[in-house]
Each structure stands twice: as C-alpha cells, then as structure tokens.
Amino acid sequence: MHKFLLILVITGLVYVASCADAAAPPVRVENTAPAKAEAAKNDHADDGHDAARITLADAKKDFDAGNAVLIDVRDEAAYRQEHIKDSINVTAATLTAKFNEIPKGKKIIAYCS
C-alpha cells in the first residue's frame, strides 16, 4: 500500500513539475505548516500549479543535510547534458522502473530546470 501511494504521489509530482514553467523553483512534496503553505500558494497563485513550493536556499539546506533527495523530471537526454550532482532522473515514463532508486524517509524535491 505504501509503495502504491508513493508511486501515486511521485506520478502526480512529475505531472505537476512537467516543465510547463521552467523558471519555477523546485516542487516540494510534503505537508507544510498552514502559514507556510498559504504563503507559498500566494507566491504562485497565478501559475496554475497547486503543489507546495520550496526556495532554492531551503532545498539546498535540506539536500546538504541529507534530509532530501532531488528528482530531475526532465527527459534523459536533458539530464545527461546537465543536472544537479547526485540528483536522480525520474520521469513519468521511468517512475515504475526507478521507484526503488528513490531513498525512503526523505523529502522529495523535484525540479525541471
């Protein structure tokens, strides 16, 4: 059941972060405090995405502390050309095959630019 739920969440994440707005910051998939979530929602109220956001500074802090994993949702060719060191390339098409590569118990931060 947990595996199915995680696959469902990551699939939704890949869909939301499908690079429709390449300038958008990485998307964070986790519950946030109501005030923080409301502030993030207001910052991006006009972009059509309802996923919580995270600043680059917060993403780096979590990643450097070992509390988060970075998921690059771009196609494999773009990932091979350039990506954040130690990120994992997971697209909607490769999600099932790469599911076990995603560390458990960490914040998942997806990016596409």
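Kindly provide the set of residues from region 46-60 that are within 13 Å of Ile108 (Cα to Cα) and at pLDDT 90 or above, ordered by number. Hits for region 46-60 are Asp58, Ala59, Lys60. Considering region 101-113, and only residues there that are closer than 22 Å to Thr55 by Cβ and of a type in the set (A, V, I, L, M), the residue that is surrounded by the fewest Cβ atoms within 10 Å (Cβ to Cβ) turns out to be Ile108.
Could you tell me whether region 77-100 includes any residue that is surrounded by 12 or more Cβ atoms within 10 Å (Cβ to Cβ), of a type in the set (Asp, Glu) and either out of contact with any Asp or Glu (no Cβ under 9 Å at 6 or more places or on another chain) or over 22 Å from Ala52 (Cβ atoms) (or both)? Looking through region 77-100, none of the residues is surrounded by 12 or more Cβ atoms within 10 Å (Cβ to Cβ), of a type in the set (Asp, Glu) and either out of contact with any Asp or Glu (no Cβ under 9 Å at 6 or more places or on another chain) or over 22 Å from Ala52 (Cβ atoms) (or both). In region 91-103, the residues that are at pLDDT below 90 reach residues that are of a type in the set (Phe, Trp, Tyr) with C-beta atoms within less than 8 angstrom, at least six apart or across chains, in these pairs: Ala92/Tyr15.
The values are calculated or read from the model by the stated rules, or taken from the named source; none is laboratory data. Quantities reported herein were computed from a predicted structural model and do not represent experimental measurements. No Cβ is skipped: glycine too gets one built from the backbone with ideal geometry, and neighbour counts run over all protein chains shown.
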